[in-house]
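Asker: This is the structure, below, for whatever I ask next.
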Amino acid sequence: MTNDVAIIGVGLHPFGRFDKTAMEMGADAIQLALTDAGLTWQDIQFGFGGSYEISNPDAVTRLVGLTGITFTNVFNACATSASAIQQTADTIRLGTYDIGIAVGMDKHPRGAFTDNPAKLALPQWYAENGQFLTTKFFGMKANRYIHDHNISPATLAKVAAKNFRNGERNPNAFRRSPIPEETILGSPMVNYPLTQYMFCSPDEGAAAVIMCRGDLAHKFTDKPVFLRASEIRTRRYGAYEVHATSAPIEEDVSPTVYAAKAAYERAGIGPEDIDIAQLQDTDAGAEIIHMAETGLCKDGEQEQLLADGATEITGSIPINTDGGLIANGEPIGASGLRQMHELVRQLRGEAGDRQVPGNPRVGLAQVYGAPGTASATIVSR
């Protein structure tokens, strides 16, 4: 392919809760990515940084080196670091620079997303009546979907249990203890059909990805992973979304559908070519929904796929092999870059106990940022 962009280094600060600042975690992730690529900070020509809590992630340069590079900050809700990935790749494709870095970092207090709708350009009454990013928001979406497509709450428990099991194999995960399906189903009901253990948590962490021109990749690694597509789309009128302030007669689909279709088209592949996927699992229902929205299955097929073990590490379409958000939690600015870290490790064959068998070649990462921004990114060996 012409105009290729290669990922040559990845770094991940563990996710959880730590006695250090988000900026310090971001610097740690950068250093890990540099080591992985065999580079120094002086080799980096530009950067994009993302965060929800930090207004100036560019200040991480104070901790890694004041070299005067171009550095741009981005924020796009849960699609923040996917946006940093896209912008980094596109800058290289434009020929402006040869080597760049995308970094994301966040440090969220408990309840971080429940009371500040203004940050997403929404009125305060969304928080006051429970329609902001509360458990009610996710419960309403999951309830409607499983009702429409005849999916049982037990299948939601299978998703969460699978992600906790995968998290046990991931030394960087926040939650590393497996939880049985029956315990998940029997945990306190938060907002039907979602119980306590079907949700992720806001937490802390950072991740970084270094990219370069595809024709230069061999200078840095013998296992380059190429970024084939990174597409972002927003809602169209009529898309079902709790944040919508109207109820149109004709409903449209989620922006994830448009982002995924655009990514497949740009990469020249279809969903049948995906060997491994990282999907936004803010809650167990979200993973179920995004399986269909990204074309990995049809609506309603998820129950049988989960029963057959298709989404397990050893299954036909492994999903969230590092535990996803349910096991890792979500520091918004780092979440999409965590997904990319996992895909790169898997495609290189470096995922250790959670390595997908059969030498996976193509990976998909998807994130959805309320109130309606979705990203789909495709990488391959």
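Any read-out appearing in this document is the output of simple, stated calculations on the displayed coordinates, not a laboratory observation. A quick note: this is a predicted structure, and the numbers were derived from the prediction, not measured. Cβ: placed from backbone, ideal geometry, glycine included. Neighbour counts: every protein chain shown.
Asker: Rank these for me by crowding, I44, I99, I326, I30, going from fewest to most other beta carbons within 10 Å.
Answerer: I99, I44, I30, I326
Asker: Let me ask another. Using the Karplus curve 6.51 cos²θ - 1.76 cosθ + 1.60 with θ = phi - 60°, what ³J(HN,Hα) values do you get for each residue of segment 35-42, in whole Hz, with x for Gly and Pro?
Answerer: With the stated coefficients, segment 35-42 comes to 4, 4, 8, x, 10, 10, 4, 5 Hz.
Asker: Mean separation of Cα pairs under 8 Å and 6+ residues apart, divided by the residue count of segment 12-63: what relative contact order is that in percent?
Answerer: 40 percent
Asker: Okay, moving on. Karplus couplings for segment 345-352 from phi (6.51 cos²θ - 1.76 cosθ + 1.60, θ = phi - 60°), rounded to Hz, Gly and Pro as x?
Answerer: Rounded to whole hertz, the list is 4, 5, 5, 7, x, 10, 8, x.
Asker: So which residue, out of N56, N172, N73, gets the largest mean-square fluctuation from a GNM of the chain using Cα contacts under 10 Å as springs?
Answerer: Result: N56 has the largest fluctuation of those listed.
Asker: Share of antiparallel DSSP beta bridges in the chain, in percent to the nearest 5?
Answerer: In the chain, approximately 70 percent of DSSP beta bridges are antiparallel ones.
Asker: Please order D275, D322, D308 by the number of other Cβ within 10 Å, starting at the fewest.
Answerer: Placing the least packed residue first, the sequence is D308, D275, D322.
Asker: If we count GluC sites (Glu not before Pro) as exposed when they sit in a DSSP loop and have at most 13 other beta carbons within 10 Å, what is the longest stretch of the chain that avoids them all?
Answerer: The answer is 1-249.
Asker: Indicate the gyration tensor shape class of segment 257-381 (rounded, prolate or oblate), computed on the Cα atoms with a ≥ b ≥ c the square roots of the eigenvalues: a/c under 1.5 is rounded; otherwise a/b larger than b/c is prolate and the rest oblate.
Answerer: It is rounded, given that a/c, with a ≥ b ≥ c, falls under 1.5.
Asker: Continuing with the same structure: Given contacts defined as C-alpha pairs under 8 Å and at least six residues apart, what's the relative contact order of the chain, whole-number percent?
Answerer: 26 percent
Asker: With runs of 4+ DSSP H residues as the only contributors, calculate the mean residue ellipticity of the chain at 222 nm using -39,500 (n - 2.57) per run, divided by the residue total and rounded to the nearest 500.
Answerer: -10000 deg cm²/dmol
Asker: Could you work out how much longer the chain between T21 and D273 gets when fully extended? Use 0.36 nm per residue separation minus the Cα distance between them, nm to one decimal.
Answerer: Full extension of this stretch gives 86.7 nm more.
Asker: Rank P193, P171, P153 by mean-square fluctuation in a GNM of the chain with C-alpha springs under 10 angstrom and give only the top-ranked residue.
Answerer: P171
Asker: Here's something else I'd like to know. Do the alpha carbons of any pairs in K162/K223; K20/K141; K162/K219; K141/K261; K20/K158 sit beyond 32 Å of each other, and which pairs?
Answerer: K20/K141; K162/K219; K20/K158
Asker: Springs between alpha-carbon atoms under 10 Å, Gaussian network over the chain: tell me which of G26, G47, G315 tops the mean-square fluctuations.
Answerer: G315
Asker: Would you please give the residues with an amide H less than 5 Å from that of V190, counting only those at least 5 places away or on a separate chain, with H modeled from the backbone geometry?
Answerer: Sorted by chain and number, the residues that satisfy this are T195, Q196.
Asker: Got a sec? How would T294, T72 order by Cβ neighbour count within 10 Å, fewest to most? Can you show the working numbers first?
Answerer: On the way: T294 27, T72 15.
Sorted ascending by nearby Cβ count, the order is T72, T294.
Asker: Scan around C78 for amide H atoms under 5 Å from its own, H built in the peptide plane at 1.01 Å from N, and keep only partners 5 or more places away or cross-chain.
Answerer: G369, A370
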